[in-house]
Amino acid sequence: MGYSTRPDVLKNYQAEIIKDTLTSDCPHTDRCGDYYGSLNSLYIERLGILFQTNHETQEIVHKVHLYKPFAGTINDSIFIALGKVTVEDIYKKYPKAKLTTTNAKQYWIIKTPHVSFLVNRLSTDNDYPIKPTEINDRLIYCVIIDKKIGYNSGYTDEGKIPLYAPKTETHRNSFVQKHKGGLHYIFWSDTSNYKAVKNGYWKEFHPNHVLKEEGNYKKGRKKGVFKYYDLNGKLIKTKKHRPFLFW
């Protein structure tokens, strides 16, 4: 999570029928109406798995929704078979889980770190808060795995790992901050509105984690020889960029 992309899903599940669909990106459940933005998602109905992509890139998978007939292991240890597992089963595995609900009153939500279990909420149910024992026998409708974007989002004053870079990549792209008085290095806690520009040796990658281009920037502009690669990593172009004398 936070590293895998749409191309990864398409490659790993190429033997399956995959529906490219729309889902509402909601912090609470699998749908909250039109208030939250709709994202393109890849849905494998036979397996009950839906991969939802990140807001900014539309490529990085940041949520996975599990529906019936999904049966498998989550969190590397918990086996769950949707259509069979109940609220009571979940609390046996996650005794400290929190039971909450949505403003729309569509679901009860059993929340654990990074994983939410959705349960259909009936019109006859008591208002929130309720005790889990009141819905003990109810089946889990959906599981949402929502881990924070990790590998590619760690900003420091030294830069960031290039987006879509392989996990073995250690190089960090760096930035400087442009303002009227000159240049100074950015600290990411800084709330300044000055423009961040590329500086130093820079790499960019395709969403399939293959190198896309590389070369040096100086104060936001390309300088010297840049190399450009196709989706298979084949060098397709080399271009020399002229240095510049002013902003």
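The values are calculated or read from the model by the stated rules, or taken from the named source; none is laboratory data. Small disclaimer: the values here were computed from a predicted structure and weren't measured. Don't worry about glycine lacking a Cβ; one is built from the backbone with ideal geometry, like all the others, and counts go over all protein chains shown. Calculation scope for accessible area: heavy atoms of the full protein, side chains included, ligands and nucleic acids excluded. Shrake-Rupley method; radii C 1.70, N 1.55, O 1.52, S 1.80 Å.
Taking every Cα-Cα distance in region 1-120 and sorting them into 10 Å bins starting at zero, the pair-distance distribution P(r) comes out as 12, 42, 37, 9 percent. Close amide-amide hydrogen proximity is noted between VAL85 and ILE140, each under 5 Å apart and 5 or more residues distant or on a separate chain (H modeled in the peptide plane; Pro and chain starts excluded). Taking the 1.4 Å solvent-accessible surface of region 1-144 as the whole, the part contributed by carbon and sulfur is 50%. Around the amide H of THR23, modelled in the peptide plane, lie the amide H atoms of LEU39, SER41, all under 5 Å away and 5 or more residues distant in sequence or on another chain. In whole percent, what relative contact order does region 1-129 give with Cα contacts below 8 Å and a gap of six or more residues? Rounded, it is 16 percent for region 1-129. For TYR228, neighbours were defined as the other residues whose beta-carbon sits under 15 Å from its Cβ, and their charges (Lys and Arg +1, Asp and Glu -1) total +4. One Cα centroid belongs to region 1-30, the other to region 196-247; the line between them spans 30 Å.
Seen from a random direction on average, the alpha-carbon convex hull of region 66-127 projects onto 4.7 square nanometres. In this simple spin-label approximation, LYS219 and ALA15 carry label points 7 Å from Cα along the Cα→Cβ vector, and these lie 5.7 nm apart. Ignoring lysines fewer than eight residues from LYS234 along the same chain, the ones with Cα atoms less than 28 angstrom from its Cα are LYS11, LYS160, LYS167, LYS198, LYS203, LYS212, LYS218, LYS222, LYS223. In sequence order, region 49-54 has phi-based couplings of 10, 10, 9, 10, 9, 5 Hz under the Karplus curve 6.51 cos²θ - 1.76 cosθ + 1.60, θ = phi - 60°, and Gly or Pro positions carry x.
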